[in-house]
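Worksheet: the structure to be examined is printed underneath.
The values are calculated or read from the model by the stated rules, or taken from the named source; none is laboratory data. Model, not experiment: these values are computed from the prediction. A quick note on method: Cβ atoms are made from the backbone with ideal geometry, for glycine too, and the neighbour counts reach across all protein chains shown. Side chains included, ligands, DNA and RNA excluded: accessible areas come from the protein's heavy atoms. Shrake-Rupley method; radii C 1.70, N 1.55, O 1.52, S 1.80 Å.
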Amino acid sequence: MIKTIVVWLIFILTIFFAVDLLAGGSGLNVLIVANQNSTNSLQLGNYYRQLRQVPPQNYLRINWTGGNTEWSLTDFTNTLLNPLVAMLAANQLTNQIDYVVLSMDIPYRINNGTNYYNSTTSALFYGFKNDPHYPMGCEITWGSTNQYAGSESIFRSTPPASSGSNFFMVTMITANDLATAEMIVHHGTISDGTFPTQTVWLGDSMDPGGRNMRYFSFDNAIFNTRLRGNYSMMRTNTYNASFSSIIAGYENGTYGYSVSPIPLFVPGAMADNLTSFGGQLFENSGQTSLLPFLGAGASGSYGTVIEPCAYLEKFPDPQNYFYQARGFSLGECYYQSLTNGYQGLVVGEPLAAPFAQPGSGAWSGLVSNAVIAGKTNLSVQFTASDALHPLQQVDLFLDGNWLETVTNIPPQSGDVLHVTLNGFPTSYTVPTGATIKSVTSNLVNVLNGIIYSNSTKVSAAAHGDRIQLQSTAAYTKTGSQISLSVSSTNPTGALTTFINASPANPTNFLDTIAHGFIAQYQLAGTLNIGSTLMLTVTKTNNAIVTVTVTNTNSSATFPDFAQQFMTAINSNVSLQGPDGLTANDLLAPSTMPPSYFNLQANSAGYAAAMIKASLSAASGVTINPLGNYALTPNLDDLEPRNHLYITAGVTNLPLTIPFDSTSSPDGYHELIAVAYEGSHVHTQTRAVQDFIIKNTSLSASLTALVSGTNSSLQPTLQFTVTANSGNISTIQLFSTGGLLAAATNLSSATFTINLASLDIGSHPFFALVTDNSGHQYRTAVQNVGLTGVNFAGTSLFGIDFPFPLQVTGTVPTLMWPATAGRSYNILSTTNLENGFTVRAVVTPTSSLGQWTEPNPSPAQQFYRISVSP
C-alpha cells in the first residue's frame with residue numbers, strides 16, 4: 001500500500017544538461033512500468049526515469065494489489081499487457097519502445113491456471129508459452145524458440161517470434177530493498193562506455209546435478225572475445241563467486257553458492273547461475289537466487305522461475321559476454337543469448353553498455369531557447385568515433401516522441417568488398433537495395449564457393465553483420481600462417497559500405513587456447529568383482545598407450561571405480577606430456593550408475609586434439625561412446641579463427657533538416673537528433689537542444705505554489721496555468737506518467753496535485769493550452785524533485801528536512817512557507833556526501849520566502865532551507 005508522506009519535505013532540483021553520448025539504446029526507447037500501490041515501485045521508477053532521461057510520457061502506472069511473486073495469466077494480461085499496449089498506441093509509442101522496465105513489486109511468475117508457468121519478463125518479451133510437458137516430460141515447449149537469439153541484429157528488425165505485433169526486451173529491476181534496487185540502476189547507468197579491463201570468469205563447478213553444463217560453450221565465447229581484443233574472459237573451476245578483486249562478470253552452475261563481499265562486480269557486469277530456481281527471488285526454494293549477484297554490484301542477472309530441467313537453451317549462452325564486448329546493451333546481450341527463455345526472468349538495468357562506442361554530435365546555429373517560426377532549416381553535425389564505427393541513420397525526436405527518420409544511408413550500390421584469404425583474392429559487389437545483413441550473407445556465399453573455399457581452406461558463417469572465418473587446414477597451418485586482407489572501394493561513387501577484420505588480428509588468424517576433449521563418457525551397467533575398464537590411446541606420433549583397471553573391492557561404487565580409472569590414466573607417465581591427455585570432470589550424481597568423465601588433450605589446438613582414445617569395458621560394466629575417436633568434438637573451437645564485420649554509413653555526417661514548426665504547439669520544446677552507428681550494434685549518439693516555437697500570439701504561464709501546513713498529512717502542490725487569451729478550449733497539466741489534470745473553457749485554471757500519487761523522485765511539469773481555433777501553447781518544463789520523511793522517522797540521506805521547498809524555473813528560484821521577519825539559511829551542495837554550504841541568508845517580508853540562484857551551474861544542485869540562528 002502507499003505510505004502517507006508527511007509534510008516535512010525538501011524539493012531537490014537536479015539541473016540536467018543533455019547527455020550527448022548514449023549507447024545500446026537510450027531512455028527514448030524505454031517504457032517504465034510501476035505499481036501505483038507500492039511506494040518502492042514508484043520511487044524506483046522515478047529514479048530510473050531521472051537517471052536514464054526517460055521521457056515522462058514513457059511511464060505507466062498499473063494497479064496491482066497482490067503479491068510480488070506470482071499472478072495468473074488473466075491478471076498479467078488485464079493488469080499489465082493490455083494497459084501497456086493501449087498506452088503505447090494512445091501515446092504513439094508503439095514503434096519507439098524497445099525496452100520495458102518493470103519496477104519492483106510486480107510478480108515475476110505467471111501461472112495460466114493449469115500449472116504451466118512462464119516468467120513475466122519472457123511473456124512480455126514474446127508471449128506466454130504453454131508448456132504441456134511440465135512437470136513430467138521436461139521438454140522444450142513447441143513455439144518457444146526466440147528468433148532474435150544469436151542473431152547479432154537490430155532487435156526491431158529481428159522480432160523474437162513470427163506471430164504477434166508487440167515485442168519488447170523486458171527486464172525487472174528489483175531487490176530486497178529500495179536502496180539495493182537503486183544501486184542496480186546507478187551501476188548500470190554509470191557503466192556506459194567505461195571499457196572495464198577486469199576479467200569475466202566462467203566457472204565449471206562440477207556440480208553433481210549437471211548444472212555446470214554450459215562449460216561446453218565456454219571456449220567459443222572466449223575465442224570470440226579474444227578476437228575483439230578489448231575484453232578479458234577466462235574459465236575456472238569453482239563453486240562460489242569469491243574473488244580477491246573486482247571482476248567484470250561471472251557465470252556458473254550450482255544449486256547454492258556464496259558471493260564475495262560488496263563490491264564484487266564492475267558497473268555493467270552480468271552474472272548468473274544455472275540452477276532450477278534462481279529466478280524465485282522472494283521464496284524459500286532451497287537454492288540461492290540471483291539476488292546476491294545484484295547485491296554485489298552486478299547490473300544484470302538471470303534465473304528460472306520454475307523447474308526448467310537441464311536444457312542449455314533455457315539459460316544464457318556465454319556468448320552474451322561476446323555480445324557485450326561488441327557494444328550491445330545488457331538487455332540485448334541477455335535476449336540474444338537465450339534460445340528458449342520462456343521460464344527465465346531477466347533482472348537488471350537493460351541499457352547498460354560498457355563497451356559501446358558512440359560518436360559526437362551537436363546542433364549548429366540553434367542556441368538554447370532560440371525562437372523559430374514557420375518552416376526553417378536546422379543544421380546538425382555528427383562525427384563517428386572512428387572508421388570502425390560509421391554513422392548510418394539519424395532520427396528526430398520532439399519532446400521525447402519520434403518525429404521522423406531524417407536519413408538512412410544504406411550500403412551503396414556499386415561498392416566493392418575485397419577479401420584475400422591465404423593469398424587468394426575475391427570480391428563482392430553490393431547490389432541495389434542491399435542491407436548490411438544481405439551483404440553479409442551474400443559475401444559468405446562467395447567465400448564458401450566450392451572453388452574458392454577449396455583454395456583458401458577457410459569456411460565462412462554469417463551472424464547478422466558479422467562473418468566468422470574458420471580455418472579448415474589447422475593440421476598444416478597455424479593462425480599466424482593464415483593471411484587475411486580486406487578493403488572496400490567504389491570506382492564510380494561515394495563509398496558507404498565497409499569491411500573490417502577483428503581489431504586484435506586484422507592481418508592473420510588467431511590460434512585457439514582451447515583443448516580438444518570428448519565430454520561425458522558414461523559408465524553404466526553392473527559393477528562386479530573383476531569388472532574392467534581399458535583405455536587405448538593412439539598418440540599423434542602413432543605410439544600406443546594402454547591403461548587398464550580391474551575392480552577388486554566388493555564395496556566399491558561406480559564413482560569409486562570411475563575415480564580409480566581416472567587416477568590410473570592421469571598417473572600414466574606416457575600420457576602426462578604435452579602430447580598426452582587427461583581424464584577430468586568426474587560427474588557422479590549418486591553411488592549408482594551412471595557416472596561420467598571427460599578426456600581432454602594436454603595441449604591446446606587442433607594438432608594436439610588429434611590424439612585418439614578408445615574405451616572398452618567388461619564383466620558387467622558398459623561404456624559409451626564406443627569407438628576410436630580423436631578429441632575433436634569441439635572442432636570449431638580448435639581451428640584458427642577470425643571475424644569480418646560489415647558496416648554502412650559515413651564517419652562525418654552534417655545534415656540540414658527541414659523543420660515545419662507550424663505542425664507543433666507554440667512554446668517550449670526539446671529537439672533531439674539521434675544518430676545510430678552503422679552496424680547492428682546501433683549505438684546511439686544524441687544532439688539535444690531546447691528551443692521555442694512562436695507562430696501565433698497565444699501564450700501561457702505555469703506557476704507552482706506550495707499548499708498545506710506543517711501539520712498536514714497529505715501534502716499537495718498547486719499549479720496555476722494562465723493563458724493570455726479568453727478564447728481557451730482546454731488546459732492540460734502533464735508530468736510523470738502523462739496527463740495529470742485538465743480544465744475546459746477557462747483561461748486560467750488551478751490544479752491541486754497529491755504528491756503521494758507521484759511519490760519521491762524528480763518530476764517535470766508542463767501545461768498544454770489549446771484555444772478554440774485549435775492553436776496550442778506548451779509552457780516551459782518545471783522540474784520538481786520530491787523527497788520526504790515517513791512515519792518511521794527515517795529520512796533520505798539521514799537528514800530531516802523541516803520545510804516544504806519548491807524549486808522552479810530554468811534559473812532555479814526557491815520558494816517556501818515562511819514567517820515574516822524570520823531569517824532563513826539557503827544551503828546547497830553538488831554532492832550530498834560533502835554536506836551543505838550556506839549560500840545566503842534571507843529574511844522574508846511575507847508568508848512566502850523566495851531566493852533565486854545567482855550562479856546557475858551545469859552540475860546537479862541540491863538545496864536545503866533552515867532557520868538562521
Please state which of the following conditions ALA181 fails to meet, knowing it meets all the rest: (1) assigned to a helix (DSSP H, G or I); (2) touching a strand residue (DSSP E or B) at 6+ places or on another chain (Cβ under 7 Å); (3) under 20 Å from VAL85 (Cα atoms).
(3)
Matching option when the condition is in contact with a Ser or Thr (Cβ under 9 Å, 6 or more places away or on another chain) and either open to solvent by 30 Å² or more (accessible area, probe 1.4 Å) or modelled with pLDDT under 65 (or both), among LEU814, LEU832, LEU827, LEU796
LEU796
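Out of everything in the range 654-692 that is assigned to a loop (DSSP other than H, G, I, E, B) and under 19 Å from the mean Cα position of the chain (by Cα), what residue ends up being farthest from THR435 (Cα to Cα)?
Residues of the range 654-692 assigned to a loop (DSSP other than H, G, I, E, B): 664-665, 678-683.
Okay, now just the ones that are also under 19 Å from the mean Cα position of the chain (by Cα), so 679-683.
Details: SER679: 11, HIS680: 11, VAL681: 14, HIS682: 14, THR683: 17 Å.
Selected residue: THR683.
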Considering residues of the range 232-253 that are farther than 20 Å from LEU312 by Cβ and touching a helix residue (DSSP H, G or I) at 6+ places or on another chain (Cβ under 9 Å) only, the residue surrounded by the most Cβ atoms within 10 Å (Cβ to Cβ):
ALA241
In the set THR656, THR720, THR736, the lone residue that is touching a Leu at 6+ places or on another chain (Cβ under 8 Å), surrounded by 23 or more Cβ atoms within 10 Å (Cβ to Cβ) and either free of Cβ contacts under 8 Å to residues at least 12 places away in the same chain or farther than 30 Å from ASN442 by Cβ (or both) is THR736
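Search the range 258-277 for residues being assigned to a loop (DSSP other than H, G, I, E, B) and in contact (Cβ under 8 Å) with a residue 40 or more places away in the chain, and hand back the single one that is surrounded by the most Cβ atoms within 10 Å (Cβ to Cβ).
First, the residues of the range 258-277 that are assigned to a loop (DSSP other than H, G, I, E, B): 258, 260-264, 274-277.
From the residues that got through so far, the ones that are in contact (Cβ under 8 Å) with a residue 40 or more places away in the chain too are 274-275.
Details: LEU274: 28, THR275: 26.
Within the range 258-277, the match that is surrounded by the most Cβ atoms within 10 Å (Cβ to Cβ) is LEU274.
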Checklist (1) modelled with pLDDT of 95 or more; (2) surrounded by 15 or more Cβ atoms within 10 Å (Cβ to Cβ) applied to LEU366, failing item:
(1)
Residues located in the range 659-690, provided they are surrounded by fewer than 24 Cβ atoms within 10 Å (Cβ to Cβ) and closer than 30 Å to GLY479 by Cα:
none
Among all residue pairs at least 6 apart or on different chains, which show Cβ distances below 7 Å where the first residue, located in the range 313-326, is part of a loop (DSSP other than H, G, I, E, B) and the second is polar (S, T, N, Q)?
PRO316/SER337; ASP317/SER217; ASP317/SER337; PRO318/SER217
Restricting the first residue to the range 69-95 and requiring it to be in a strand (DSSP E or B), which pairs with a second residue that is among the charged types (D, E, K, R) meet a Cβ separation below 6 Å and a spacing of at least six or different chains?
GLU70/ARG109
Kindly indicate the residue of the range 283-305 that is closer than 14 Å to THR69 by Cα and over 23 Å from the mean Cα position of the chain (by Cα) and also surrounded by the most Cβ atoms within 10 Å (Cβ to Cβ) among those meeting that condition.
SER285
Taking the residues in the range 207-231 that are open to solvent by less than 40 Å² (accessible area, probe 1.4 Å) and outside any helix (DSSP H, G or I) as candidates, determine which candidate is nearest to HIS515 (Cα to Cα).
ASN212
Go through the range 468-482 and report how many residues are surrounded by 15 or more Cβ atoms within 10 Å (Cβ to Cβ) and under 25 Å from ARG326 (Cβ atoms).
6
Quick check on the range 559-577. Is at least one of its residues among the β-branched types (Val, Ile, Thr), surrounded by 16 or more Cβ atoms within 10 Å (Cβ to Cβ) and outside any strand (DSSP E or B)?
yes
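When you check ASN745 against the structure, is it at pLDDT 95 or above and at positive phi, yes or no?
Numbers: at pLDDT 95 or above: yes; at positive phi: yes.
Yes; evaluated as a whole, the condition is true for this residue.
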Out of (1) in contact with a Lys or Arg (Cβ under 9 Å, 6 or more places away or on another chain); (2) open to solvent by less than 10 Å² (accessible area, probe 1.4 Å); (3) closer than 22 Å to ASN220 by Cβ, the odd one out for THR339 is which?
(2)
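So which residues in the range 147-164 are outside any loop (DSSP other than H, G, I, E, B) and either open to solvent by less than 50 Å² (accessible area, probe 1.4 Å) or not polar (S, T, N, Q) (or both)?
PHE155, ARG156 - these are the residues of the range 147-164 that are outside any loop (DSSP other than H, G, I, E, B) and either open to solvent by less than 50 Å² (accessible area, probe 1.4 Å) or not polar (S, T, N, Q) (or both).
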Quick check: is even one residue across the range 466-477 within 29 Å of ALA604 (Cβ to Cβ) and touching a Gly at 6+ places or on another chain (Cβ under 9 Å)?
yes
Would you kindly identify the strands (runs of 3 or more DSSP E) lying entirely within the range 1-68 that contain at least 3 residues that are modelled with pLDDT of 95 or more and on the phi < 0 side of the Ramachandran plot?
30-35, 59-62
Residues satisfying the stated conditions in the range 155-176, i.e. under 21 Å from LEU345 (Cβ atoms) and either among the hydroxyl-bearing types (Ser, Thr, Tyr) or free of Cβ contacts under 8 Å to residues at least 12 places away in the same chain (or both)
THR171, THR174
Working only within the range 278-332, note down all residues that are within 23 Å of ASP192 (Cα to Cα) and among the hydroxyl-bearing types (Ser, Thr, Tyr).
SER299, SER301, TYR302, TYR321, TYR323, SER329
Does the range 431-449 contain any residue that is surrounded by fewer than 17 Cβ atoms within 10 Å (Cβ to Cβ), touching a residue at least 12 places away in the same chain (Cβ under 8 Å) and either touching an Asp or Glu at 6+ places or on another chain (Cβ under 8 Å) or part of a strand (DSSP E or B) (or both)?
no
